[in-house]
Amino acid sequence: MSNDLIKFKQIKGQTMKKSVLIVQWGIMFFFILSLECFAQDNEKSNSNLAPPAAGNPSPYIIDSGDELAIMTWKEPDLTQKKVIVRTDGKISFPFLDDIQAAGLTPLQLKQKIEGGLKKYIENPYVTVQVVVPGSKQIYILGEVLRTGEYPLVKNLTVLQAFALAGGFTQWASKREIILLRNEDEKEKIYRVNYKMIIDGKDVSQNLQLRPNDTIIVP
């Protein structure tokens, strides 16, 4: 066999080896790229399926006018289904006389009652429920179908308040609505243009209502 033929076979063999290596590296690169793409798609999919983290809502603060139900387990004499928080912020309860309730959360009041009852009952278990949030009211007046006092439910907005009041009368001036609010012991006036809210031009006017807010529709 001539030297030229031998060199040709050697060069051909080296070329084939390089080609095989290139193909192998190409397959490996494609495989790694596919895994990365799959991982990213899977992560996106999981993030879409996972529910958003829920924020912790502010606890309810008891105030004057609230109606509570206070139940003591296995103690019917210490169970009261209708307890009104008085204007002084206190309630009356057997054995404990007057208890300060306003300014506390239901959980704090429960713990306070349980602490007082330990002198009379072994391991008292009390539940406190706000039946009627009498201290949390809003007022809607003027050109709406149902004027009056309404309970302030969670996250109630101006638009939702209009729905509670049955909507507007035909004489209502929807661009000149007034919201009166007591802030820092001062009366503050907010102007509300219903048309701008529903047209999406200024949704910031769709304020979240606070206790004792008064809405006036001229």
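The values are calculated or read from the model by the stated rules, or taken from the named source; none is laboratory data. Source: prediction; values computed, not measured. Virtual Cβ from ideal backbone geometry, glycine too; neighbours counted across all protein chains shown. Surface accessibility is based on the protein's heavy atoms, side chains included, excluding ligands, DNA and RNA. Shrake-Rupley method; radii C 1.70, N 1.55, O 1.52, S 1.80 Å.
Here GLU183 meets the list (1) out of contact with any Leu (no Cβ under 9 Å at 6 or more places or on another chain); (2) at pLDDT 95 or above almost entirely, failing just condition (2).
Every listed requirement among (1) closer than 22 Å to GLY65 by Cα; (2) among the basic types (Lys, Arg); (3) open to solvent by 60 Å² or more (accessible area, probe 1.4 Å); (4) assigned to a strand (DSSP E or B) is met by ARG181 save one, (3). Restricting attention to region 148-183, the residues that are more than 26 Å from VAL132 (Cα to Cα) and acidic (Asp, Glu) total 1. Screening LYS201 with (1) part of a loop (DSSP other than H, G, I, E, B); (2) over 24 Å from ILE61 (Cβ atoms); (3) open to solvent by less than 90 Å² (accessible area, probe 1.4 Å) gives one miss only, at (3). Please work out if GLY166 is closer than 17 Å to TYR139 by Cα and either within 24 Å of the chain's Cα centre (by Cα) or surrounded by fewer than 16 Cβ atoms within 10 Å (Cβ to Cβ) (or both). For GLY166, the condition - closer than 17 Å to TYR139 by Cα and either within 24 Å of the chain's Cα centre (by Cα) or surrounded by fewer than 16 Cβ atoms within 10 Å (Cβ to Cβ) (or both) - is met.
Could you check ARG146 against (1) out of contact with any Asp or Glu (no Cβ under 9 Å at 6 or more places or on another chain); (2) open to solvent by less than 50 Å² (accessible area, probe 1.4 Å) and say which number it fails? Condition (2) is where ARG146 drops out. Here LEU107 passes the criteria (1) under 13 Å from THR127 (Cβ atoms); (2) part of a strand (DSSP E or B); (3) open to solvent by 70 Å² or more (accessible area, probe 1.4 Å) except the one numbered (2).
Right, THR127: surrounded by fewer than 16 Cβ atoms within 10 Å (Cβ to Cβ) and part of a strand (DSSP E or B) or not? So THR127 fits the description; yes. Applying the condition of being in a strand (DSSP E or B) and among the hydroxyl-bearing types (Ser, Thr, Tyr) to region 71-104 and asking which residue is least open to solvent (accessible area, probe 1.4 Å) yields THR72.
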